[in-house]
Structures are given as C-alpha cells and as structure tokens.
Amino acid sequence: MKELIISTSDNYALAATLFQSKNNSVNNKILIINSATGIKQNYYFKFANYLSESGFNVITYDWRDNHRYD
C-alpha cells in the first residue's frame, strides 16, 4: 500500500492509495475504486487488498473535501 497525492487541473490535492499486485505477475492494468458520496477511501481497503492479492493494481481515492486525515 502506497499513499499518493493526485493533483487536479485546478491544483487541488486528492488523497489516493495504490495497492500493487502481490502475485509477482506483470500486470499493466489498474482498477480504480470510486467511493460512494461521503464515504472515505479506507472503507474499500479490504476489497482493494483482496484485488491486489488476486493480481490487480488498484487505486482508491477520496473525493474533494473528503480528506484522508479528517
């Protein structure tokens, strides 16, 4: 799990997390989990981890004003 910051075109910083594939296969595919409105990305961490263990690279992120450390 690696924390990321995604910068928008209007310079807003979005908190994101990358879950890299854990099965040593080379996989250039990335699944993006879009959170439900008002739900923080960490709600989806177990699912993202499961997908990364299954060979997928996964990104979760927080919507604007739904900060990681609130």
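Only the coordinates and a few stated rules stand behind these numbers; no lab work does. Worth saying up front: this structure is predicted, and the values here are computed from it rather than measured. Virtual Cβ from ideal backbone geometry, glycine too; neighbours counted across all protein chains shown.
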Contour minus Cα-Cα distance for Tyr50 and Arg64 (0.36 nm per residue): 2.5 nm
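Of the peptides 42-53, 7-18, how do they stack up when ordered by the mean number of other Cβ atoms within 10 Å, highest first? Please report the intermediate quantities before stating the final value.
Numbers: 42-53: 15.2, 7-18: 12.0.
Per-residue mean Cβ counts within 10 Å order the peptides as 42-53, 7-18.
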Amide H contacts under 5 Å for Gly55, placed H, 5+ residues apart: Lys22, Asn23
Cα-only radius of gyration and Dmax that characterise the chain, units Å: 12.4, 37
